[in-house]
């Protein structure tokens, strides 16, 4: 599957689809890539499962 990138350089909730490319939260079969420029916090308010987390 194609990676889904974090696009909110202000930070936010991992579970908010608006913060991800394509408008959907990555799931168990996705590669979640958090690489938006800047310094910010991504909050996990519940357990999340992704295939490969990638923090760049």
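Consider the range 4-15 and keep the residues that are within 16 Å of residue 46 (Cα to Cα) and within 9 Å of the chain's Cα centre (by Cα). The one that is surrounded by the most Cβ atoms within 10 Å (Cβ to Cβ) is 14.
Where residues in the range 16-35 are buried (at least 17 other Cβ atoms within 10 Å of the Cβ) and assigned to a loop (DSSP other than H, G, I, E, B), which of them is modelled with the lowest pLDDT? Filtering first and then ranking leaves 30.
Would you say residue 38 is touching a helix residue (DSSP H, G or I) at 6+ places or on another chain (Cβ under 8 Å) and modelled with pLDDT of 85 or more? Show your work before the answer.
Working: touching a helix residue (DSSP H, G or I) at 6+ places or on another chain (Cβ under 8 Å): no; modelled with pLDDT of 85 or more: yes.
Here the answer is no, as residue 38 does not meet what is asked.
The values are calculated or read from the model by the stated rules, or taken from the named source; none is laboratory data. The model shown is predicted, which means the values in this text are computed figures rather than measured ones. As a convention, Cβ positions derive from the backbone with ideal geometry for all residues, glycine included, and neighbour counts pool all protein chains shown.
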